[in-house]
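*Asks:* Dropping a structure here in structure tokens format, bear with me for questions.
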Amino acid sequence: MKALYKKLAIQNLTKNRTVYIPYIMAQTLMVALFYDLLFLEGNKKILYLPGGETIQQTLAYGGLLMGVFVMIFLFYVNSVLIKQRKKEFGLYRVLGMEHRHLKKVIFYETSIANAVSFVLGIISGIVFSGLMYMILLKILGEKAALAFGISGEAIWYTLLQFGFLFLVVLLYNYRQLKKVNLRELLQEHAQGDREPKTKKGLMIFGIICLIIGYGIALVVRNIFASLIWFFVAAIFVIIGTYALFTAGSIIFLKKIKEDKEKYYTPRYFTAVSGLLHRMKRNAAGLAGICILSTMILVTCAMSVSVFFGQQHAIRTIFPSDIIVTMSGTSDPQQDIEYIKGQAEKAAQQTGISVKEVKLSDLSEVEKSMTLVEGTQNVQIELSGSDEEKYECSTRLELNTEDGSYTYQSAHFISKQSPQEGAQSIRATYGGFLFLGIFLGAMFMVATVLMIYYKQISEGYEDRQRYVIMKKVGMNDEEVRESIQTQVLLVFFLPLVMAAVHILAALKIMVQICGILSIGFGTVFLCTIGTVLVFSLIYKGVYKQTAKVYYTIVDQQ
Amino acid sequence: MELLKVEQVKKIYTTKLGGSNVQALSDITFSIDRGEYVAIMGESGSGKTTLLNILATLDQPTKGKILLEGKELGRLSEKKAAKFRREQLGFVFQDFNLLDTLSVKDNILLPLVLSGYPQNEMMKRIKPIAARLHISDLLEKYPYEISGGQKQRTAVARGLIMNPKLILADEPTGALDSHAALQLLDIFAEINRDGQTVLMVTHSTEAASHAKRVLFIKDGMVYHQLYRGERSREEMYQMITNVLTAIATGGER
């Protein structure tokens, strides 16, 4: 008996492979990413790197975020899949299977799907962990070494996370089984969706939410409030997007329909009428794709900005080759002369020359961080390569007492060079970049999966319609054209919306990056670049799924 | 005058996994004159659906020729076949094949839209046809809001709107109740009186008795044919029943 349930479960999974393979693949990838994140977070070698602790803290925070997102997303995908299969369950019931038998089949199905993706995920996670490790080191500016290791702890925590997900999903699937109503299931669902009503109120509500969200994003001035307001604005924008897609898409399509010259052409006729009728169910999916795309864009744009802004940030924080900070000086000119003398000595030993030594004011950031009154900076400019400058900086000797540099009236508090500071900056920024890549990849997988399922389910729905139209006399080319219009509308509406969101978020992104001393120009260029690259990837996904859609519609 | 000529058409299906061939049509020959109203009868498996699909250019014969006004249809390209279906043929199916996402009006206009007709021409054409089929009041409704009979009349309107040379009907009364079926058959008779050529495939004796001529197909061949001539519908009904009995019992013709 047991063997039968197992066999049935495997059969069901293979029969529904068009939907289950992408699901298992996505879950595999998420397991792998999750494992890798945990692996790096707990890696001792990274902890002992300069700035390693900072990075691991950033990764831990990212792990938490990822855990929550993965749960929500995979749960959602599973719920979509199981709902599609209700008819199949109804048939089993009619054929004489009892509820408890079906429960067993479902148990095996869910177990197999989860076990396969977990094992594959851990294996690919282990394989890729070495690569991730290398990338992380590279970002940190360390010499990259390929390390291979398996972390039992990381596997255990991944198992906990996905085991919990498995339980939740299993219970949910059981519940769905209970809800199967035989009489309803066996009746043909001939009734199509009715043409949805125009909801002007909802659209206005959506627009207001968007305005509030955008407003917050554009008005906030305080740098440190940015982070909190960013989330508040994001929530408004998410609600607004959902409302706008639900109501706006219908209004948009009805507009096309009213334009009779346009509507009554092969290109728009079937596509627009088809879209209009299923927009009620579709809008949420489109809004979801839009929001995920925005998340990808924001995460990637910020990470890339941080990466490219790193050099600039180092330059901002360390405006010259060596900075000597001193306090309580009564005769700055004399101190500078002394520093200059010492610097020249050090430069001579290294084989380079001193270009300029000058007094400078503290920057805003430094003022807020320095506790000692009357602090002044002396900037030393050198000629030579970075290595030579660094060498010179280590050779520079200033008289010190009690760990602080003193000369006559002055206390020299510290001596810093960009090369020294860069390490701690790379640790902080590198952590952000790495996390950005991780989260970006995860959101990307989620978006692709959502788009794929959307196309498949629509393909099945539309098949009958295209069969009829072919009988009536639509040729393959016209079918292709009509599908293109339809898929294009579905795909590029969310992308355009996401681009608008990004535009509104730009100011707040600049402010947040400002904390890390990254300028407007960098953020702006990086955002544009990210949007372009993402559009290209998105277009690729669109082409691929349009192909799948066409195959479904075309099969006899 | 001869409109459609079917010459020694043969159709053999080869199953996908190599192996066996199934002969759906062995040797079919007949012709239809302009303005005729012909019913093709046969048991399920006799090959009548295959024949209809070939006539509709949805399928191609293995051997033999089909001529419409002297032009051969057998090997039209996919694109030309679609254009041909749209412009020369009107279809009426058993399960209506209306699109749920289009209103009755838009369903009727579909072939015109696909052919790229200007908007005002479409509106001009739909009015008289809708009036003739008694669906003028339903134009703004959707297929899921109207009855089976109304759906089938909508499908007939869609079939007629291109002024096709031939109306092909596949079991048009199959999904209708007896009242709606009678109404539909009256409509067919009426459009035929106006000069429209109609070819109907059916296994309903009632439906076939409305036609002017009935062809019987058995084992992929034309087995027998009946002309109605001056007979009444009741007499015709009786004669069809006799032929069917003969076919069923394997008697000689």
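*Asks:* Taking Cα centroids, how far is the stretch B:14-56 from the stretch A:94-154 in Å?
*Replies:* 56
*Asks:* Mind checking B:117-129 for the average number of partner chain beta-carbons within 10 Å of each residue's beta-carbon?
*Replies:* Neighbouring Cβ atoms belonging to other protein chains average 1 per residue here.
*Asks:* So how much slack lies between residue B:206 and residue B:232, counting 0.36 nm per residue of separation and subtracting their Cα-Cα distance, in nm?
*Replies:* So the extension gain works out to 8.1 nm.
*Asks:* When DSSP beta bridges are limited to those with both residues in the protein assembly as shown, what percentage is antiparallel, rounded to the nearest 5?
*Replies:* The antiparallel fraction comes to roughly 70 percent.
*Asks:* Sorted by accessible area (1.4 Å probe), largest first, how do B:177, A:259 line up?
*Replies:* My answer, sorted largest first, is B:177, A:259.
*Asks:* So between residue A:174 and residue A:219, what do we pick up on full extension, going 0.36 nm a residue minus the alpha carbon distance?
*Replies:* Fully extending the segment from residue A:174 to residue A:219 adds 11.3 nm.
*Asks:* Now for a different question. Take peptides A:495-502, B:87-94, B:60-67 and line them up by average Cβ neighbours within 10 Å, highest first, as a rough protection proxy.
*Replies:* Taking the mean over residues of other Cβ atoms within 10 Å, the ranking is B:87-94, A:495-502, B:60-67.
*Asks:* Taking 35 Å as R0, compute the FRET efficiency from the Cβ-Cβ separation of residue A:211 and residue A:537 and round it to 0.05.
*Replies:* 0.70
*Asks:* Within the accessible area of the stretch B:1-157, what % is carbon and sulfur when the probe is 1.4 Å and the other protein chains stay in place?
*Replies:* Here carbon and sulfur together make up 48 percent of the probe-accessible area.
*Asks:* Could you give the accessible area per residue of the protein assembly as shown, probe 1.4 Å, as a whole number in Å²?
*Replies:* Accessible area per residue: 48 Å².
*Asks:* On to the next question. Can you give the accessible area buried between chains B and A, summed over both chains, with a 1.4 Å probe, in Å² to the nearest 100?
*Replies:* Buried surface at the B/A interface: approximately 2600 Å².
*Asks:* What net charge is computed for the residues neighbouring residue A:51, neighbours being all others with C-beta under 11 Å from the C-beta of residue A:51, Lys and Arg scored +1, Asp and Glu -1?
*Replies:* Charge balance in the 11 Å sphere: -1.
*Asks:* Also: Output needed: percent of Cα pairs per 5 Å distance bin for the stretch A:207-316, bins running from 0 to the one holding the longest distance.
*Replies:* 2, 11, 14, 15, 15, 12, 10, 8, 6, 4, 3, 1, 0
*Asks:* In addition: With the contact rule set at Cα under 8 Å and sequence spacing of 6 or more, what percent relative contact order holds for the stretch A:235-333?
*Replies:* Dividing the mean separation by the residue count of the stretch A:235-333 yields 30 percent.
*Asks:* Using a 1.4 angstrom probe on protein heavy atoms only, which residues from the stretch A:459-482 are buried by at least 50 Å² of accessible area when all chains are present rather than their own chain alone?
*Replies:* Residues meeting the cut-off: A:468, A:471, A:472, A:473, A:475.
*Asks:* Roll a 1.4 angstrom probe over the protein heavy atoms and tell me the percent of accessible area of the stretch A:244-357 that is carbon or sulfur.
*Replies:* Of the solvent-accessible surface of the stretch A:244-357, carbon and sulfur hold 55 percent.
*Asks:* Continuing with the same structure: Calculate the mean, over all residues of peptide A:264-277, of how many other protein chain Cβ atoms lie within 10 angstrom of the residue's Cβ.
*Replies:* Shielding by partners across A:264-277 averages 4.
*Asks:* Report the calculated FRET efficiency for residue A:554 and residue B:13 (r = Cβ-Cβ distance, R0 = 22 Å), to the nearest 0.05.
*Replies:* It comes out at approximately 0.60.
*Asks:* In nm, give the distance between the simple-model label positions of residue B:246 and residue B:119, each being 7 Å from the Cα along the Cα-to-Cβ direction.
*Replies:* So the label points at residue B:246 and residue B:119 sit 5.9 nm apart.
*Asks:* Another question, then. How would you order A:286-295, B:226-235, A:60-69, A:229-238 from highest to lowest mean count of nearby Cβ atoms within 10 Å?
*Replies:* Top of the packing list down: A:286-295, A:229-238, A:60-69, B:226-235.
*Asks:* Over the stretch A:1-191, what relative contact order in percent results from Cα pairs under 8 Å that are six or more residues apart?
*Replies:* It rounds to 36 percent for the stretch A:1-191.
*Asks:* Another one. Can you give the alpha-carbon Rg of the stretch A:1-191 over 2.2 N^0.38 Å, where N counts its residues?
*Replies:* Computed over Cα atoms of the stretch A:1-191, the ratio equals 1.28.
*Asks:* May I pose another question? Below 8 Å, C-alpha to C-alpha, sequence gap of six or more: please give me the relative contact order for chain A in percent.
*Replies:* Once divided by the residue count of chain A, the mean separation gives 19 percent.
*Asks:* Let me have the 222 nm mean residue ellipticity of chain A computed from DSSP H runs of 4+ only, each contributing -39500 (n - 2.57), with the sum over all residues rounded to the nearest 500.
*Replies:* Counting only the DSSP helices, I get -27500 deg cm²/dmol.
*Asks:* If packing is taken as the average count of other Cβ atoms within 10 Å, what order do B:102-114, A:168-180 fall into, highest mean first?
*Replies:* Final packing ranking: B:102-114, A:168-180.
*Asks:* With 27 Å as the limit, write out which pairs from A:262/B:83; A:199/A:257; A:470/B:105; B:48/B:83; A:86/A:199 have Cα-Cα distances beyond it, or answer none.
*Replies:* Too far apart for the 27 Å limit: A:86/A:199.
*Asks:* Turning to a different aspect of this structure: Non-local amide H neighbours of residue B:3 (under 5 Å, H modeled in plane, Pro and chain starts lacking H): which ones?
*Replies:* HN-HN under 5 Å from residue B:3: B:32, B:33, B:34.
*Asks:* So, one more: Of all the accessible heavy-atom surface of the stretch A:1-191, with the other protein chains kept in place and a 1.4 Å probe, what percent is carbon and sulfur?
*Replies:* Whole-percent figure for carbon plus sulfur exposure: 67.
*Asks:* Other chains' Cβ within 10 Å of B:99-106 residues: what's the mean?
*Replies:* Mean partner shielding for this stretch: 6.
*Asks:* Separate question: Take the Cα gyration tensor of the protein assembly as shown, multiply each eigenvalue by 5, square-root it, and list the three semi-axes largest first, rounded to whole angstrom.
*Replies:* 76, 29, 23
The values are calculated or read from the model by the stated rules, or taken from the named source; none is laboratory data. Everything numeric in this text was worked out from a predicted model, so none of it was measured. Glycine gets a Cβ as well: all are built from the backbone with ideal geometry, and neighbour counts include every protein chain shown. All accessible areas refer to the heavy atoms of the entire protein, side chains included, with ligands and DNA or RNA removed. Shrake-Rupley method; radii C 1.70, N 1.55, O 1.52, S 1.80 Å.
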